[in-house]
1. Within a 10 angstrom radius of the beta carbon, how do 119, 133 rank from fewest other beta carbons to most?
2. Taking other Cβ within 10 Å of each residue's Cβ, how do 81, 147 sort, fewest first?
3. Could you give each residue of the range 47-59 its phi-based ³J(HN,Hα) in whole Hz, using Karplus coefficients 6.51, -1.76, 1.60 with θ = phi - 60°, and x for Gly or Pro?
4. Treat the count of other C-beta atoms within 10 Å as a stand-in for reagent exposure and order 181, 73 from fewest to most.
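Only the coordinates and a few stated rules stand behind these numbers; no lab work does. All values derive from a computational prediction rather than experimental measurement. Cβ: placed from backbone, ideal geometry, glycine included. Neighbour counts: every protein chain shown.
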Amino acid sequence: MLVVVLLGLLACEGMASFKFVRDYDTETGIFNGRGYDSDFMSLNRDKEYIFKRREVMDRELTSISRQKEALERRLEYLYGHIEHLDREIERIDNEIENLGPIDDYSSYDGQRTADNEYTLIMSLPGYREEEITLNARKGLLEINAFHVPLDGPLVNYTFVKPLPDNVDPNGYWSYSGGVLRVNNCFK
């Protein structure tokens, strides 16, 4: 039995020394990288790489998070301006809806009749005389005005006024200081 125990110990010793011989280079005095210790060191290197990679990813996530916050602030700023512009457009639309023809809101507008003359007076500010045309026919007077400012779109105005049947459509007109005066004679 003692022989069996000794043989068992000898077998264990042989296996351990084989492992040691395989992992340890006796000439250089270092492990050759193919054993358990080298696996442990490889795992440690992998672990260090993973931690370093995680730190890099954390920094990238922090940077992305800051960029996201900055973009959200910009969007909030832009949405505020868009809401302001929407309110302004709505206000302007309401003002446009409340506008009537020019002769309805100007204190200079009106019509007069003298003994033999029909006169229409209306304000037409912002135009030059050459930008105004009048067309008259029986029972109707049409006034067209257009202006092309240097810094904006064409401004066009058309006004149609019914004339009494006894007014001659052939007449004369004058424009001065933003006020148009149309004179027609009665038949």
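1. On the way: 119 15, 133 11.
Going from sparsest to densest Cβ surroundings: 133, 119.
2. Working: 81 9, 147 14.
Ordered from fewest to most neighbouring Cβ atoms within 10 Å, 81, 147 come out as 81, 147.
3. In residue order, the calculated couplings are 5, 4, 4, 4, 5, 5, 5, 5, 4, 4, 5, 4, 5 Hz.
4. Taking fewest neighbouring Cβ atoms as first place, the list is 73, 181.
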